[in-house]
Amino acid sequence: MIKKTLFPSLFIFMVIISSSYGYFYFPTVSPPESGSVKSSIESRTEILVTEHYLAVPAPGYVFDSWSLYPKGEHDQSLYIHKYDPNLFYTQEVKVITANFVKANQVTSPNTGNTELNVESTGSEEFELSFLTSEGFSYSLQHSADLNQWHYLENDIIGTGKLYSKRYQTTKNLGFFKLNISDSKSSDLDEPALSGSLIIDSKDNSFKGHTAWIRLWEYHPLIADKAADLVSEKKIGQIVHNQGNSTSIDFSLGDKSTIKNEMNYYITVGIYEGANVNDLDKRTHFLDGFNRVSPQERFEGTLKRLK
């Protein structure tokens, strides 16, 4: 009798807890005094939730990177997370961290801490200098308020020597940021996935439809975490004539973001008009679970709904 009473009580308690979670991630900052995070839910439909996490630096700091859950990094201050709410995941706290650094420093996993030296050489002149490393390229940015940034220099090639240059200014020095990238990378311009989607010749004719193609990422060893949206593309004004098959060629994402330890799959829908969030407007879809390999071109035939 006791067990029958406790079980529904426990179930109700778990439902109350799960419904109290407003966001997929719990954002933190490092170091604690360096800034804050503004979280917002930009949109929510039956098949997609879009969240924004904006890293906001405190005075004297600049944004460096996001440390993601369960691992990984993101180098833009605005982290956009999209997920399918229909997939199973636990309500455990999933922490992501916004990392900030002092305005004259940047952290690089390959070169360690690279210090940017800023020296005033006159009332209207200052000098920037830093030690470069071979195999890396650098860019310098300036901001008066830590919100709007513009480039002072771009594509500085590392030589292993000290780089220094003087600049003119009629205002206060403001803040500077040194960015480092691997100049040897060759994957930056390659898509994460490319392929073609086929509409069968027997399907009814239509025009003005939109294809919504999405690439998802998941960890094969973590079953309780929802898949993350890696990239998406909408292709509009699709025309199909009955009697002839229609091929929709696509490419999406950036190959440099693909992780070897992760798995990927693709979802596709064709919608009447441009509103891809209205399931009643969906006319075709890619049936089944379609795991993809970024090294191989994907080809699939769309199934007609109506």
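The values are calculated or read from the model by the stated rules, or taken from the named source; none is laboratory data. Every value quoted in this text rests on a predicted model; they were computed, and no experiment measured them. For neighbour counting, all protein chains shown are included, and Cβ atoms are generated from backbone atoms with ideal geometry for every residue, glycine included.
Condition test on R304, is it out of contact with any Lys or Arg (no Cβ under 8 Å at 6 or more places or on another chain) and within 23 Å of Y218 (Cβ to Cβ)? Let's see the steps before the verdict.
Working: out of contact with any Lys or Arg (no Cβ under 8 Å at 6 or more places or on another chain): yes; within 23 Å of Y218 (Cβ to Cβ): no.
Considered against the rule, which asks whether it is out of contact with any Lys or Arg (no Cβ under 8 Å at 6 or more places or on another chain) and within 23 Å of Y218 (Cβ to Cβ), R304 comes out as no.
Do you know which of the residues in the stretch 252-293 that are part of a strand (DSSP E or B) and free of Cβ contacts under 8 Å to residues at least 24 places away in the same chain is nearest to E73 (Cα to Cα)?
Residues of the stretch 252-293 part of a strand (DSSP E or B): 252, 263-271, 282-285, 290-292.
Those still in the list that are free of Cβ contacts under 8 Å to residues at least 24 places away in the same chain too: 282, 285.
Working: R282: 35, F285: 32 Å.
The selected residue is F285.
Restricting the first member to the stretch 65-93 and to residues that are over 17 Å from W216 (Cβ atoms), and the second to residues that are modelled with pLDDT of 80 or more and surrounded by fewer than 13 Cβ atoms within 10 Å (Cβ to Cβ), the beta-carbon pairs closer than 7 Å and six or more apart or on different chains are S65/E73; W66/E73; S67/E73.
Tell me, which residue of the stretch 155-179 that is polar (S, T, N, Q) and at pLDDT below 80 is nearest to the chain's Cα centre (by Cα)? Talk me through it step by step, then tell me what you get.
Going residue by residue through the stretch 155-179, those that are polar (S, T, N, Q) are 159, 164, 168-170, 172, 179.
Imposing the further condition that a residue be at pLDDT below 80 reduces the set to 168-170, 172, 179.
On the way: Q168: 36, T169: 36, T170: 38, N172: 34, N179: 19 Å.
Filtering first and then ranking leaves N179.
Total residues in the stretch 1-32 satisfying the condition of being surrounded by fewer than 11 Cβ atoms within 10 Å (Cβ to Cβ) and modelled with pLDDT of 75 or more: the figure is 2. Annotation for the stretch 238-258: no member residue is loosely packed, with under 14 Cβ neighbours inside 10 Å, β-branched (V, I, T) and within 20 Å of L87 (Cα to Cα).
Taking the stretch 200-214 as the region of interest, how many residues are farther than 14 Å from Q237 by Cβ and touching a Lys or Arg at 6+ places or on another chain (Cβ under 9 Å)? Of the residues in the stretch 200-214, 6 are farther than 14 Å from Q237 by Cβ and touching a Lys or Arg at 6+ places or on another chain (Cβ under 9 Å).
Among the residues of the stretch 61-74, are any more than 25 Å from S256 (Cα to Cα) and either outside any loop (DSSP other than H, G, I, E, B) or at pLDDT 85 or above (or both)? Talk me through it step by step, then tell me what you get.
Keep residues of the stretch 61-74 that are more than 25 Å from S256 (Cα to Cα), which gives 61.
Next cut, either outside any loop (DSSP other than H, G, I, E, B) or at pLDDT 85 or above (or both) only: 61.
Yes: the stretch 61-74 contains one or more residues that are more than 25 Å from S256 (Cα to Cα) and either outside any loop (DSSP other than H, G, I, E, B) or at pLDDT 85 or above (or both).
For the stretch 86-104, how many residues meet the condition of being surrounded by 13 or more Cβ atoms within 10 Å (Cβ to Cβ) and at pLDDT 65 or above? Even if it seems obvious, please write down each step before you answer.
Pass one, the stretch 86-104, residues surrounded by 13 or more Cβ atoms within 10 Å (Cβ to Cβ): 89, 94-104.
Still in the running and at pLDDT 65 or above: 89, 94-102.
Going through the stretch 86-104 one residue at a time, the tally reaches 10.
Scan the stretch 46-60 for residues that are at pLDDT 90 or above and over 15 Å from the mean Cα position of the chain (by Cα) and report the count. Qualifying residue count, the stretch 46-60: 1. Checking each residue in the stretch 252-279 for being under 18 Å from E46 (Cβ atoms) and at pLDDT 90 or above picks out T267, V268, G269, I270, Y271, E272. All of (1) at pLDDT below 75; (2) not in a strand (DSSP E or B) hold for T107 with one exception: (2). If the condition is being outside any strand (DSSP E or B) and closer than 18 Å to R291 by Cα, then the stretch 222-251 contributes I222, A223, K225, A226, A227.
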